Amino acid sequence: MTTQQAATPTAPPARHVPGQPDMWFFVLFESLIFTAYLGVYLYYRAQHQQAFLQAQSHLTLWLGVVDTIVLLTSSWSIARCVEQARAGRYDVARRDAYITAAFGVIFLVLKVVEWTRQIHLGNTFSSSDFFQYFFFLTAIHFVHLLIGFVALGILVRQLSDVKLRSQELVETCATYWHTVDFLWVLIFAVLYVAR
Amino acid sequence: MKRTSGERVILWTLPAVAVIWIAAFFLFPGFVRPMSPRSSAAEVAAFYRNHTARIRYSMILLNWFCVALIPILMLIVERMRGMAHRTPILRFCMIGVAGAAPIAFLTATVFWLLAAFQPERPPELTQLLNDLAWVTFTCGVPFLVAQCGFLAMAIYFDRQDHPVFPRWVGRFNIVIAIALIPAGFAGLTKTGVFAWDGLVSFWAKNVAIALWIIVMSVVLARVIERDADAADNAAIAG
Amino acid sequence: MERLNKRLLAVWAILTAITAGYLWIDHSAVHGGRAQASTVVTVLAIGLATLKVRIIMREFMEVRRAPRLLCRLTDVWVVLMAATMIGLYIAGRILAR
Amino acid sequence: MSPVALRDNPKRELWLAWGATVFFYNLYAVVFFVFTHIQPPGQPWYSPDQARTWFSHHHDGLLIGLALIFVFGGLSATSIALITYSIRRMSVSRAFSYSYLIIYSVSAVPGFLFICVALTAGAMRPDRSPQLQHWLYQLGFLSFSGTMGVFLIGSLVWMTAILLDRNGVFPKWFGYLNLCNALTEVVVSPSWIFKTGVFPWNGLIAWWIDVFVFGIYTGVFITLLRGFIIREDFGTGPLPPAPHWRFWATEPAEAGS
């Protein structure tokens, strides 16, 4: 009961599921839920195109592009982190995890700035159909990203504590973070670019 | 080793609580002759205007003491530890409903107090609050029914040479549960024995609750005395 | 000093390039200073986004090194997501007429 | 299973609680969808007159159906107790199990008692003024749907316990399903703000996607609880795998360590 699992870094076997297979259940299930949200949005958008286009023109596309690149960069960092951890270079891996967190924070700040700007423009959760979806989708994604910081905390703890180190858990946390990233890629495309 | 210290203290709070409850019951003018669901809005409003003070003070009392039975229920839950059960699951069931039932009653007192807070408001509003109070009070039996059911089942499963509670207590709980059930249907009619002022939904239900409290406290007192004596003997022997 | 993983860098560069490509798509959807509704732009945006999702899954999430079942499952999912979104958008457009 | 076998079965308490859980959720579905027509929900944008008509239209079904909930609603405690017990069987602190017990027991009152009281009061006097019927109508639906958010923390408590558990009581993927469920529970709260579109109490996103996820979640946990009872050995260490059907049984990790 008291002894922790002794996970020593080993070379990856020929083919293995990254992280706990259970996390992949979450990835697939949560993707379905988001597909449903985005599908509902696209369906209603297609029926009220002028209103949506008009409201959508208040968004700043390049800000969305910057958001996306920031999150992609954080994903890249955590992918490097996993590789370094696998190679047993835990200090480098931890540095990559901090870089990931930094880009995550930048994303959160950018989102808050964008929300504040839209609210000042008079675009709120209840002002128009488009902004209902905008605030809902960005906010629920925001919550996912906040949970991502919990995952990062677990990951850093795994890397820091010699007794805990479990490559599986590191990969599990990274898988969660990538999921938050690719969900944003979808949200960005349909909110900012779809016409 | 069971720790029974203080259980007698909790048990002896019951007579005090009972006195307060009985006082509050008779202080509230809507209980002694239960208010009729057939009263018009004007009659209901007049009732709240004429008895404002008594309604307020009785309901404030009940507001304070509606949770007073929880410590007694926890005594029962502690006794359940001694039953010949494999799992604590029935205890968890009891704890779950023990909290919900007083909160439901608390909600009813809030509606009564709200109606009496401003008796001069439009009669229809007073009647609405009065309806909500009575429906919550009368129909709000699910947790009590379940409580009796869980306890009966716990006693039935307590198969040992010296069961914690006598077997008849289990059957008694079933009878009480059955007596409480019709009150859940009080919304269906405004007249007759099933209406919220009727023989079944009001008198049978509330007498059943009173009877349950009396009988269970006597049974509990005996068990607690028995355990306390056993503890004393063990202390002397040790 | 650890070696830079060139493959991950290339993946990041491709993903960023596709993202920047959205600026060009958006530009092409504007006619006469006003944005127009466009099924082509929407389908292209969703298509590129799901392509990016697949790249993220394959490379960043290391699905390419995972058992074939997970490879196929994620591919099915990418197609499912794209088809659902595009299908509902087109269904909405048809119903709007 | 014959009654005699049940009497001697050491798991009888668990099986009865499980049976009561199945009964309760089925009763809930039948009452809400068939008897009362509370589901699919009434329109949030109804005018006072329409709300009044809704009450008189559903009069009998509402009163009978809700009376059944008034009588059997306390059985909701059985699933809570069973889940509390399952958390206690894990290798985590009992604080998790007691937190779950308290959160879900207390939530029962706003969760289902308020809607029953409000809609019973409305159906009892269909001749009440439309404005007041309208208020009861909104109280009923909003107290029912709008308070789903309290289950956020409850779900997260269960999730954390499952993910930390080393006894293999539940598979880890179910821990993550708890997170999916928790995140859809909060999506219902826009029903406090909107009357039309996809976010009110009958909205596609705020209600139906959530109900769909909750339905899957409930079905899964009832099935997993069954597996848990089958595997239960009344010990404190890792739970043995299911005797025949290994579908949901994760290998008790780090056994013997």
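Restricted to the range A:66-85, and to residues that are at the interface with chain C (Cβ under 7 Å from one of its Cβ atoms) and touching a residue at least 60 places away in the same chain (Cβ under 8 Å), which residue is farthest from A:PHE142 (Cα to Cα)?
Among those that are at the interface with chain C (Cβ under 7 Å from one of its Cβ atoms) and touching a residue at least 60 places away in the same chain (Cβ under 8 Å), it is A:ALA79.
Is there any pair linking a residue in the range D:1-16 that is under 15 Å from D:SER79 (Cα atoms) to one that is modelled with pLDDT under 55, with Cβ under 8 Å and at least six apart or on different chains, and which?
Final answer for the pair search is D:TRP15/D:MET1.
Test B:ILE95 against the criterion of being out of contact with any strand residue (DSSP E or B) (no Cβ under 6 Å at 6 or more places or on another chain), more than 20 Å from D:VAL106 (Cα to Cα) and open to solvent by 30 Å² or more (accessible area, probe 1.4 Å), and give yes or no.
It is false that B:ILE95 is out of contact with any strand residue (DSSP E or B) (no Cβ under 6 Å at 6 or more places or on another chain), more than 20 Å from D:VAL106 (Cα to Cα) and open to solvent by 30 Å² or more (accessible area, probe 1.4 Å).
From (1) open to solvent by 60 Å² or more (accessible area, probe 1.4 Å); (2) more than 30 Å from A:GLN50 (Cα to Cα); (3) at pLDDT below 95, pick out the condition that doesn't hold for A:GLY88.
(1)
Here are some conditions: (1) open to solvent by 10 Å² or more (accessible area, probe 1.4 Å); (2) part of a helix (DSSP H, G or I); (3) more than 10 Å from chain D (Cβ to nearest Cβ). B:ARG121 meets all but one. Which one does it not meet?
In the conditions (1) open to solvent by 10 Å² or more (accessible area, probe 1.4 Å); (2) part of a helix (DSSP H, G or I); (3) more than 10 Å from chain D (Cβ to nearest Cβ), B:ARG121 misses (2) alone.
Are any residues in the range C:68-90 open to solvent by less than 40 Å² (accessible area, probe 1.4 Å) and at the interface with another protein chain (Cβ under 7 Å from one of its Cβ atoms), and if so, which ones?
C:LEU70, C:MET81, C:MET85, C:TYR89
Quick check, is D:HIS59 within 12 Å of chain B (Cβ to nearest Cβ) and either open to solvent by 30 Å² or more (accessible area, probe 1.4 Å) or free of Cβ contacts under 8 Å to residues at least 60 places away in the same chain (or both)? Please lay out each step first, then the result.
Values: within 12 Å of chain B (Cβ to nearest Cβ): yes; either open to solvent by 30 Å² or more (accessible area, probe 1.4 Å) or free of Cβ contacts under 8 Å to residues at least 60 places away in the same chain (or both): yes.
Spelling it out, D:HIS59 is indeed within 12 Å of chain B (Cβ to nearest Cβ) and either open to solvent by 30 Å² or more (accessible area, probe 1.4 Å) or free of Cβ contacts under 8 Å to residues at least 60 places away in the same chain (or both).
From the list C:ARG65, C:ARG54, C:ARG34, pick out the single residue that is more than 7 Å from every other protein chain (Cβ to nearest Cβ), open to solvent by 60 Å² or more (accessible area, probe 1.4 Å), more than 14 Å from the chain's Cα centre (by Cα) and free of Cβ contacts under 8 Å to residues at least 40 places away in the same chain.
Within the list C:ARG65, C:ARG54, C:ARG34, the selection yields C:ARG34.
Only residues that are over 18 Å from the mean Cα position of the chain (by Cα), part of a helix (DSSP H, G or I) and aliphatic (A, V, I, L, M): list them for the range B:1-26, please.
Once the filter is applied, which keeps residues that are over 18 Å from the mean Cα position of the chain (by Cα), part of a helix (DSSP H, G or I) and aliphatic (A, V, I, L, M), the range B:1-26 yields only B:VAL9.
Can you give me the number of residues within the range A:147-165 that are free of Cβ contacts under 8 Å to residues at least 24 places away in the same chain, out of contact with any helix residue (DSSP H, G or I) (no Cβ under 8 Å at 6 or more places or on another chain) and within 14 Å of another protein chain (Cβ to nearest Cβ)?
Of the residues in the range A:147-165, 3 are free of Cβ contacts under 8 Å to residues at least 24 places away in the same chain, out of contact with any helix residue (DSSP H, G or I) (no Cβ under 8 Å at 6 or more places or on another chain) and within 14 Å of another protein chain (Cβ to nearest Cβ).
Looking at the range B:103-129 only, could you name the residues that are more than 27 Å from B:ILE70 (Cβ to Cβ) and in contact with a helix residue (DSSP H, G or I) (Cβ under 6 Å, 6 or more places away or on another chain)?
B:PRO119, B:PRO123, B:GLU124, B:THR126, B:GLN127, B:LEU128
Within the range A:155-162, identify whether any single residue is farther than 20 Å from A:ALA46 by Cβ, touching a Lys or Arg at 6+ places or on another chain (Cβ under 9 Å) and among the acidic types (Asp, Glu), and answer yes or no.
no
Out of the residues in the range B:98-117 that are at pLDDT below 95 and either open to solvent by less than 10 Å² (accessible area, probe 1.4 Å) or not in a helix (DSSP H, G or I) (or both), which is farthest from D:LEU82 (Cα to Cα)?
So the residue we want is B:ALA104.
Residues that are more than 13 Å from chain B (Cβ to nearest Cβ), in contact with an Asp or Glu (Cβ under 8 Å, 6 or more places away or on another chain) and either of a type outside the set (Val, Ile, Thr) or more than 21 Å from B:HIS85 (Cβ to Cβ) (or both): does the range D:39-56 have at least one?
no
The values are calculated or read from the model by the stated rules, or taken from the named source; none is laboratory data. All figures in this text were calculated on a predicted structure; none of them were measured in a lab. For neighbour counting, all protein chains shown are included, and Cβ atoms are generated from backbone atoms with ideal geometry for every residue, glycine included. Surface accessibility is based on the protein's heavy atoms, side chains included, excluding ligands, DNA and RNA. Shrake-Rupley method; radii C 1.70, N 1.55, O 1.52, S 1.80 Å.
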